[in-house]
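See below for the structure under consideration.
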Amino acid sequence: MIRRFVRRNTRNLFLLIILVILIILALLNDMINEDTMKNIKHIDILTINSIFIGFLFTTLGVIVGFLGNTKIANSDRAGYMDEYYNTIYFGLVFFIASAISGLAALFLENMDNNKYVLIIEQIAILLGVAFFIKAIFNLASIIKKVRKNL
């Protein structure tokens, strides 16, 4: 099962590894820190997260809507659509993690100044945006396949 997951998500996992390396470098060079969040309100981050979550759910709905197309339906049955779905799921998980961190900082005492919560909020939104961009490219690829099939 793990082997199949890795095989079907090679690109997603490769993107995640590259992003983790870049984030570690950014943390070491102090590009991501708690001071960055001091000028930004958590409500603004929550709004951004909820907008991206909505877009990702819309993208998922569009992809599911294409299952009426024979070529896409066959690809889905064969498991080739898993990468497209999982890209969206990765993005949703990261945006939800960022939103939970923002809510914790907003509503829990002493969490607004907790540097780990602030850093998690930043890292999660960055990862979410990266997977959102990949999901949009994936959607464009699917639309291209559907248009060729017409």
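Quick look at the values:
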| read-out | value |
| --- | --- |
| Any hit, the stretch 10-26, residues being out of contact with any strand residue (DSSP E or B) (no Cβ under 7 Å at 6 or more places or on another chain), among the aromatic types (Phe, Trp, Tyr), open to solvent by 40 Å² or more (accessible area, probe 1.4 Å) and closer than 23 Å to ALA124 by Cβ | yes |
| Of all residues making up the stretch 112-131, the number that are part of a helix (DSSP H, G or I) and farther than 19 Å from LEU56 by Cα | 6 |
| Leading residue by the ranking (farthest from ILE51 (Cα to Cα)) among those in the stretch 94-111 that are without any contact (Cβ under 8 Å) to a residue 12 or more places away in the chain and either assigned to a helix (DSSP H, G or I) or under 15 Å from the mean Cα position of the chain (by Cα) (or both) | PHE107 |
| Hits in the stretch 112-150 - residues which are touching a Ser or Thr at 6+ places or on another chain (Cβ under 6 Å), of a type in the set (Gly, Ala, Ser) and either open to solvent by 20 Å² or more (accessible area, probe 1.4 Å) or free of Cβ contacts under 8 Å to residues at least 40 places away in the same chain (or both) | ALA124 |
| Condition check for ASN74: buried (at least 16 other Cβ atoms within 10 Å of the Cβ), closer than 18 Å to ASN138 by Cα and out of contact with any Gly (no Cβ under 9 Å at 6 or more places or on another chain) | no |
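The values are calculated or read from the model by the stated rules, or taken from the named source; none is laboratory data. Just so we're clear, the structure is a prediction, and the values are computed from it rather than from any experiment. No Cβ is skipped: glycine too gets one built from the backbone with ideal geometry, and neighbour counts run over all protein chains shown. Quick note on the areas: whole protein, heavy atoms, side chains included, nothing else; ligands and nucleic acids left out. Shrake-Rupley method; radii C 1.70, N 1.55, O 1.52, S 1.80 Å.
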